[in-house]
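Enquirer: Below is a structure I'd like to ask you about.
The values are calculated or read from the model by the stated rules, or taken from the named source; none is laboratory data. All values reported here derive from a predicted model rather than from experimental measurement. Virtual Cβ from ideal backbone geometry, glycine too; neighbours counted across all protein chains shown. To get the accessible areas, we keep the full protein, side chains included, count just its heavy atoms, and leave off ligands, DNA and RNA. Shrake-Rupley method; radii C 1.70, N 1.55, O 1.52, S 1.80 Å.
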Amino acid sequence: MLKHLAFGFAALASASPALAQQPGQAPAQQPIGRADFVAQMDAEFRRLDRDGSGVVLPAEIVATQREVAQAEAIRQNQVVFVGLDKDGNGALSPQEFAALANPDAIAVSADPLMQQFDTDKDGSITLVEYRIATQANFDRIDTDRDGVVTPVEMQAAGLVR
């Protein structure tokens with residue numbers, strides 16, 4: 001019985017936007033009577049029972065969840081599009097589209113370069129530290145030690161195919 005009641009409350013929350021808590025909003029403060037609650041549960045069950053068989057199968061739940069997720073993704077895409085379409089003409093110019101790039105969303109870290117080049121571990125890389133490390137790499141690739149890195153040496157080092 002408690003499982004069904006929990007399902008009913010979950011169904012009620014997802015079935016009725018007026019009664020459900022929306023992201024970024026305070027919880028709904030509206031009272032609901034038992035008859036309205038049962039009606040909302042029944043409506044949610046019918047929505048989940050995609051084939052109308054009177055039984056909800058896992059595949060129907062997944063299909064419903066995908067449909068809801070797709071609708072939300074489309075809604076979010078529309079919000080992004082409107083934000084990018086600065087002139088409001090319903091089309092994105094190359095400049096408007098370029099604003100979609102968000103370099104802040106790309107994870108970057110100085111750690112690999114600091115570990116490689118900051119040999120005295122003082123938190124900064126000097127030109128001398130940079131040259132020592134890069135020249136050591138050059139010398140490692142220049143296997144015949146003639147001061148020139150050839151395509152064959154680059155290939156042997158795995159830099160080209």
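Enquirer: Could you say whether any residue in segment 80-88 is surrounded by fewer than 11 Cβ atoms within 10 Å (Cβ to Cβ) and of a type outside the set (A, V, I, L, M, F, W, C)?
Expert: Yes: segment 80-88 contains one or more residues that are surrounded by fewer than 11 Cβ atoms within 10 Å (Cβ to Cβ) and of a type outside the set (A, V, I, L, M, F, W, C).
Enquirer: Please verify whether segment 103-111 includes one or more residues that are under 30 Å from Glu153 (Cα atoms), open to solvent by less than 100 Å² (accessible area, probe 1.4 Å) and free of Cβ contacts under 8 Å to residues at least 60 places away in the same chain.
Expert: Yes: segment 103-111 contains one or more residues that are under 30 Å from Glu153 (Cα atoms), open to solvent by less than 100 Å² (accessible area, probe 1.4 Å) and free of Cβ contacts under 8 Å to residues at least 60 places away in the same chain.
Enquirer: For a quick check of your reading of the model, give me the residue pairs whose first member lies in segment 37-65 and is modelled with pLDDT of 90 or more and part of a helix (DSSP H, G or I), whose second is open to solvent by less than 50 Å² (accessible area, probe 1.4 Å) and of a type in the set (Asp, Glu), with beta-carbon atoms closer than 9 Å and at least 6 apart or on different chains.
Expert: Qualifying pairs under 9 Å: Leu48/Glu60; Glu60/Asp49.
Enquirer: For Ala91, only one of the following conditions fails: (1) of a type in the set (A, V, I, L, M, F, W, C); (2) assigned to a loop (DSSP other than H, G, I, E, B); (3) in contact (Cβ under 8 Å) with a residue 12 or more places away in the chain. What is its number?
Expert: Checking Ala91 against (1) of a type in the set (A, V, I, L, M, F, W, C); (2) assigned to a loop (DSSP other than H, G, I, E, B); (3) in contact (Cβ under 8 Å) with a residue 12 or more places away in the chain, the one that fails is (3).
Enquirer: Given the structure, is Asp104 out of contact with any Gly (no Cβ under 8 Å at 6 or more places or on another chain), at pLDDT below 90 and acidic (Asp, Glu)?
Expert: Criteria met by Asp104.
Enquirer: Ok, one more. Enumerate the pairs (first residue in segment 128-140 and in contact (Cβ under 8 Å) with a residue 12 or more places away in the chain and surrounded by 12 or more Cβ atoms within 10 Å (Cβ to Cβ); second residue anywhere and hydrophobic (A, V, I, L, M, F, W, C) and in a helix (DSSP H, G or I)) with beta-carbon separation below 8 Å, excluding pairs fewer than 6 apart on the same chain, so at least 6 apart or on different chains.
Expert: Glu129/Phe117; Tyr130/Phe117; Ala133/Phe117
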